[in-house]
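Asker: Shown below is the structure under consideration.
The values are calculated or read from the model by the stated rules, or taken from the named source; none is laboratory data. Quick caveat, the model's predicted, so the values are computed rather than measured. Because the Cβ atoms are built from the backbone with ideal geometry, glycine has one as well, and the counts that use them run over all protein chains shown.
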Amino acid sequence: MLFKSPRGTKDILPQESGNWQRIEEKARAVFSLFAYEEIRTPIIEESKLFSRSLGDLTDIVQKQMFLIKKETDTFVLRPEATASIVRSYVENTLYNVAGVSKFYYMGPMFRAERPQKGRLRQFHHIGCEAIGSYSPYLDSESVYLASKIISALGISGHDIIVNSLGCINDKKSFALNLREKLLVHKKSFCEDCQSRIAKNVFRVLDCKNRQCKDIVLSLNLGASRICGDCQKHFDQVKAGLDLFGVNYQVNPLLVRGLDYYTRTVFEITHKNLGSQDALGAGGRYDNLVEELGGPARGAVGFALGVERLLLARGESQVQEEQGSVLHCYIIPLGDEALKTCLKVLQLLRDNGIRSDLDYLDGSLKSRMGRADKNRTKFCLIIGDNELAKGTGILKNMSARTQEEVKLSEIVKKIGET
Ligand code: HAM
């Protein structure tokens, strides 16, 4: 029987993992510049954490959680990390630390969605959360940080869309008002939206169905629907974005699918991505720390989807950055030579020279053929003749030259090039 990776999951093979590492490294460098520090939380959490944070009626909680039942407990493979980080912030009383706590994280998330291009069941986030301030300029900084990471990865052609949902009261009255307006057209909406009107009314605003979109547009929902304080906050967020020189558009229909958001929300889209066009998204969530048992603390963050960053970067960069160079590939000819080769291998590695040994048999030609010509600098061949002289044949793979070198000088010889 041949096993396959579960539907909607993907192996990241060695020829791809270099790209992942480079994306992670670049993101880490930018996070560090912005004074964020890494946090690692468990991949499993109590399922209630997400129903409490994201909302009972959200798509994620209703349909997409991978549940693990163990005795009387129900765990879930985390569908996102914001709730986990707030849980950790409260559990570890990190709110006692003065100032804003700035966390970044990278890792797998799990949602039982219907897989398609750019949509997986196990996907990866690079994200961050800044907890401990209500300042609108922290929102501007968060959006700016997301755009800095995206450009550090060599991605261009993305759009940044921002909106403000207002405070909890604004959200409540908008929900009431919206429901009333949508109910007038109820029969014309798709089946999903008909149930969303009752359960999760904001989701109607990002339905992809053409007819639903047209009705929503005709309702002219753009008009101001947030209170004076929230409007002032949003104006300052925009002023901060202008100050940082971030290009953005305001879209009053941007709502986001998670309940914890208040005030600023944003999404970054890219045209290379097809229907799943969000490279990343985030926003402010000023009530979540309290909701999870902590003190009142403002917070804002975002997450970028790594698979989508890779798609947006395109094939050219993937090719360009493939693989690391092997400095020396050692080919022993015979059992005696093998022992010496193992010692030379150890010596090279101890001196920081990336090396490997041909552990297989065969003709010299086939063994040389195993050294990847594009990624190997030297082949070192040692047989009985060389062994007797304490030497080896060093082949320069790109120059196609060879010379006999003393093994006692091998580190210096290879290290020089
Ligand atoms: P989210 O919009 O659910 O937000 O996810 C963020 C990003 O993750 C999306 O924009 C997309 O790039 C990627 N993504 C989401 N689902 C999938 C999937 N099934 N397959 C591939 N990529 C996916 C959050 O999760 C929030 N926690 C972000 C946040 C942090 N808000 C505040 N702080």
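Asker: So Arg111 clears everything in (1) within 13 Å of the ligand (Cβ to nearest atom); (2) over 21 Å from Glu267 (Cβ atoms); (3) free of Cβ contacts under 8 Å to residues at least 60 places away in the same chain except one condition, right? Which one?
Answerer: Of everything listed in (1) within 13 Å of the ligand (Cβ to nearest atom); (2) over 21 Å from Glu267 (Cβ atoms); (3) free of Cβ contacts under 8 Å to residues at least 60 places away in the same chain, Arg111 misses just condition (2).
Asker: While we're here: Please list, ordered by first then second residue, the pairs with beta carbon atoms under 8 Å, 6 or more apart or interchain, first in the range 115-129 and at positive phi, second part of a strand (DSSP E or B) and within 6 Å of the ligand (Cβ to nearest atom).
Answerer: Gly118/Gly305
Asker: Please find, among Val306, Val300, the residue that is within 16 Å of the ligand (Cβ to nearest atom), in contact with a strand residue (DSSP E or B) (Cβ under 6 Å, 6 or more places away or on another chain), farther than 30 Å from Lys171 by Cα and in the same structural domain as Glu80 (by TED's automatic domain parsing).
Answerer: Just a single option satisfies the conditions, and that option is Val306.
Asker: So if I check each of Leu49, Leu67, which one is surrounded by 16 or more Cβ atoms within 10 Å (Cβ to Cβ) and either touching a Ser or Thr at 6+ places or on another chain (Cβ under 8 Å) or of a type in the set (A, V, I, L, M) (or both)?
Answerer: When all the criteria are applied, what remains is Leu49.
Asker: What single numbered condition from (1) among the polar types (S, T, N, Q); (2) more than 9 Å from the ligand (Cβ to nearest atom); (3) under 18 Å from the mean Cα position of the chain (by Cα) fails to hold for Gln276?
Answerer: Going through (1) among the polar types (S, T, N, Q); (2) more than 9 Å from the ligand (Cβ to nearest atom); (3) under 18 Å from the mean Cα position of the chain (by Cα) one by one, Gln276 breaks only (2).
Asker: Quick one: is Gly55 more than 16 Å from the chain's Cα centre (by Cα), within 15 Å of the ligand (Cβ to nearest atom) and modelled with pLDDT of 95 or more?
Answerer: Here the answer is no, as Gly55 does not meet what is asked.
Asker: Determine whether Ala337 is small (Gly, Ala, Ser) and outside the structural domain of Thr93 (by TED's automatic domain parsing).
Answerer: yes
Asker: Assess whether Ala175 counts as being over 17 Å from Leu254 (Cβ atoms), surrounded by fewer than 19 Cβ atoms within 10 Å (Cβ to Cβ) and in contact (Cβ under 8 Å) with a residue 12 or more places away in the chain.
Answerer: no
Asker: Do you know which residues across the range 257-285 are surrounded by fewer than 21 Cβ atoms within 10 Å (Cβ to Cβ) and not hydroxyl-bearing (Ser, Thr, Tyr)?
Answerer: Gly257, Lys271, Asn272, Leu273, Gly274, Gln276, Asp277, Ala278
Each row is one residue, and each column tells you yes or no for (1) surrounded by fewer than 18 Cβ atoms within 10 Å (Cβ to Cβ); (2) under 18 Å from Phe234 (Cα atoms); (3) at pLDDT below 95; (4) away from the ligand (no atom under 16 Å from the Cβ).
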position	(1), (2), (3), (4)
Leu138	no, yes, no, no
Ile149	no, no, no, no
Glu191	yes, no, yes, yes
Lys208	yes, no, yes, no
